[in-house]
Each structure stands twice: as structure tokens, then as C-alpha cells.
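Only the coordinates and a few stated rules stand behind these numbers; no lab work does. In this text the structure is predicted, and so the values were computed from the model without any measurement. A quick note on method: Cβ atoms are made from the backbone with ideal geometry, for glycine too, and the neighbour counts reach across all protein chains shown.
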Amino acid sequence: MKKIDIWRTAYAEREPGCFPQLASYLFNGAFDRTAIMKTVDTHLDKLKDEFHSYFPNIEEMSTSLNWIRNPFMVQSASIPVRLWENLADVSTDEVLSHNTHSVLL
């Protein structure tokens, strides 16, 4: 969602650099740029709406699932107690911590 917002902002400021092929097309052709810019802007709006329809609360879910991304950084009991206990065991395992931080994703 953040990237769509970045794209829309950059595009609204007439900076289509995030779409290199479109930028090349817009600046090297003789045609109605306004119509194309409006079409792309409409598409980005619809794209964001579609993402929201499939993932209505993605921002809220994202923060509640941080423990999955990095179990060594859990600070709250926002997960079930049994899972929190198991996570405490994992997060105090120094070998696992070292292996996790040394692997590139």
C-alpha cells in the first residue's frame, strides 16, 4: 500500500520515474499526455481499492504479526499465552538467534 501511495504522489507531481517505460514513452512521444496521465492515475486508484478489498485491514494485521517476522523482538502479550511461552523459548536460544541473523533472506 505504501508503494502505491509513493507512486501516486510522484505521479501527481509529474515525476513518473517509478515507471521507467512509461516515462520514456511520455517524454519521447507526440500525443496527449494529459489523457494518459489521467488513465494511469485512475488505474493506481483502482489498484489501491482492489488491494483494500482483498486485504481490508492489512496495516493493522501487519503490526500484529511482527512476532512472525522476528520472534526475538516480541515485546507484548498480543499473542495467545501458549504461543508466547513457546516464543520465549525460541527467543532465548542463542544459537537459533545467531543463525537467524546470519542468514540472508
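Observations, loosely collected:
- Modelled label reach - His52, point 7 Å along Cα→Cβ, region 1-24 residues with backbone N closer than 19 Å: 1-12
- Estimated from the Cβ-Cβ distance and a Förster radius of 41 angstrom, the FRET efficiency linking Val81 and Glu15 is about 0.25.
- Rough spin-label spacing in nm, given labels placed 7 Å along Cα→Cβ, for Ile6 and Val90: 2.8
- The calculated FRET efficiency for the pair Lys38 and Glu60, based on their C-beta separation and a Förster distance of 22 Å, comes to about 0.10.
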